[in-house]
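The values are calculated or read from the model by the stated rules, or taken from the named source; none is laboratory data. It should be emphasised that the depicted structure is a prediction, and the values quoted were computed from it without experimental measurement. Counting neighbours? That spans all protein chains shown, and the Cβs are built from the backbone with ideal geometry, glycine included.
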Amino acid sequence: MAGTFRAKQFLAKPGKKFRLHDFDPAWDGGKETKAEAEKEMAINLERLSAAQDLFWASERYALLVVLQAMDTAGKDGLIKHVMSGMNPQSCHAFPFRQPTEEDLSHDFLWRYEKKMPARGRIGIFNRSYYEEVLVVRVHPEWLERQHLPPNHRGMKLWKQRYAEINAFENHLVRNGTVILKFYLNLSQEEQRRRLLARLEDPNKHWKFSEADLAERKHWDEYMEAYQDAIEATSTEDAPWHIIPADHKWVSRWMVSEILAKTMESLHPKPPKPPKSKLEALEEARKELEEE
């Protein structure tokens, strides 16, 4: 039915073999879907706003949203549109850039752990610790800056990091953090069109980086790295969602729906006031009524 989708259809099933090319980047749900999806998107933003208020008040869980994608896949726009109805006091986005010297003097998870959301808060990682098994894998020369012990190289290193990421996420989940991981699945041809659009529109020139073209030359290597990383780290605690990204409205709609359902499924409730607080509230009510 147009305007709906099954989230399980876009999951990299934990413990199962995974093929990235089985997921269609251009999926749009049918010709009638866009208008309905835009209506659903508006409803989802209201649902998210309502759920966030109770989520914040309850301080029972934290929510971590991980966004990974190739350049131009629409991470920034997704954050802007899907989180537009959120209260910024309890929802924070972190765009991780290249690590500093201080970051590099610690283990690869250190700088990300510092930004984890507290209970009642939502944290959005625009790129994340997964860069350490994606970009760094495609550019292994960057490992030299990490001052690793001898012989920490090759596929053995990436498998170790997959295991460390899984253990880290398992620890977070056991302590009340809900993790939603989204890979925005962009096709190589759609990336080409979006890069050209940036070059042809003077208002978008600031978005273009020569590094985008350099990284594009490593497309196949990135796809292999994503394939391995997603298959190894899609777990029952923190599965990966493979979100079609050739149509920006699709990825925004789908992520908003999954976010809203997830937050509502936690059944957040405000804390129950103690007896003394209830008595004070009753006194306040009487005082205001008697004015």
- Message: Can you list residue pairs whose Cβ atoms sit under 8 Å apart, with the first residue in segment 273-290 being within 24 Å of SER58 (Cβ to Cβ) and the second being of a type outside the set (D, E, K, R) and in a helix (DSSP H, G or I)? Count only pairs 6 or more apart in sequence or on different chains.
- Response: PRO273/LEU281
- Message: For segment 74-134, give me every one of the helices (runs of 4 or more DSSP H) that falls completely inside it and has 2 or more residues that are in contact with a helix residue (DSSP H, G or I) (Cβ under 9 Å, 6 or more places away or on another chain) and farther than 30 Å from LEU157 by Cβ.
- Response: 75-82
- So ARG97 clears everything in (1) closer than 30 Å to GLN188 by Cα; (2) touching a Lys or Arg at 6+ places or on another chain (Cβ under 8 Å) except one condition, right? Which one? (2)
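Please determine whether any residue of segment 183-205 is under 20 Å from ILE122 (Cα atoms), under 16 Å from the mean Cα position of the chain (by Cα) and not in a loop (DSSP other than H, G, I, E, B).
Yes, segment 183-205 contains at least one residue that is under 20 Å from ILE122 (Cα atoms), under 16 Å from the mean Cα position of the chain (by Cα) and not in a loop (DSSP other than H, G, I, E, B).
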- Note on the structure: Listed by first then second residue, the pairs whose first member lies in segment 207-228 and is β-branched (Val, Ile, Thr), whose partner is modelled with pLDDT under 95, with beta carbons under 6 Å and at least 6 positions apart or on separate chains, are none
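Filter segment 40-58 for residues that are of a type in the set (D, E, K, R) and within 26 Å of PRO95 (Cβ to Cβ); which is surrounded by the fewest Cβ atoms within 10 Å (Cβ to Cβ)? Break it down stepwise before answering.
Pass one, segment 40-58, residues of a type in the set (D, E, K, R): 40, 46-47, 53.
Filter once more, so that each one left must be within 26 Å of PRO95 (Cβ to Cβ): 47, 53.
Details: ARG47: 19, ASP53: 14.
Restricting to residues being of a type in the set (D, E, K, R) and within 26 Å of PRO95 (Cβ to Cβ), the top hit is ASP53.
Please go through segment 246-263 and give me each residue that is hydrophobic (A, V, I, L, M, F, W, C), over 14 Å from VAL65 (Cα atoms) and out of contact with any Pro (no Cβ under 9 Å at 6 or more places or on another chain), ordered by number.
Listed by number, the residues that qualify are TRP249, TRP253.
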- Kindly establish whether SER209 is under 27 Å from HIS81 (Cβ atoms) and surrounded by 14 or more Cβ atoms within 10 Å (Cβ to Cβ). no
- Message: Pull out all pairs, ordered by first then second residue, where Cβ-Cβ is under 9 Å, the residues are six or more apart or on different chains, the first lies in segment 31-54 and is within 11 Å of TRP249 (Cα to Cα), and the second is assigned to a helix (DSSP H, G or I) and among the aliphatic types (A, V, I, L, M).
- Response: THR33/VAL250; LYS34/VAL250; ALA37/VAL250; ALA37/MET254; MET41/VAL82
- State which residue pairs qualify: first residue at negative phi and crowded, with 21+ Cβ neighbours inside 10 Å and inside segment 118-137, second residue among the small types (Gly, Ala, Ser) and part of a strand (DSSP E or B) in any location, beta carbons under 7 Å apart, and separation of 6 or more residues or different chains. ILE124/ALA93
- Would you say ALA245 is buried (at least 18 other Cβ atoms within 10 Å of the Cβ) and hydrophobic (A, V, I, L, M, F, W, C)? yes
- Item | All positions within segment 67-84 that are within 25 Å of HIS171 (Cα to Cα) and either buried (at least 23 other Cβ atoms within 10 Å of the Cβ) or of a type in the set (D, E, K, R) (or both) | LEU67
- Note: among ALA42, ALA51, just one is under 30 Å from LYS272 (Cα atoms), assigned to a helix (DSSP H, G or I), at pLDDT below 95 and over 15 Å from the mean Cα position of the chain (by Cα), namely ALA51
- Restricting attention to segment 18-45, and to residues there that are among the aliphatic types (A, V, I, L, M) and in contact with a Lys or Arg (Cβ under 9 Å, 6 or more places away or on another chain), which single residue is nearest to ASN87 (Cα to Cα)? MET41
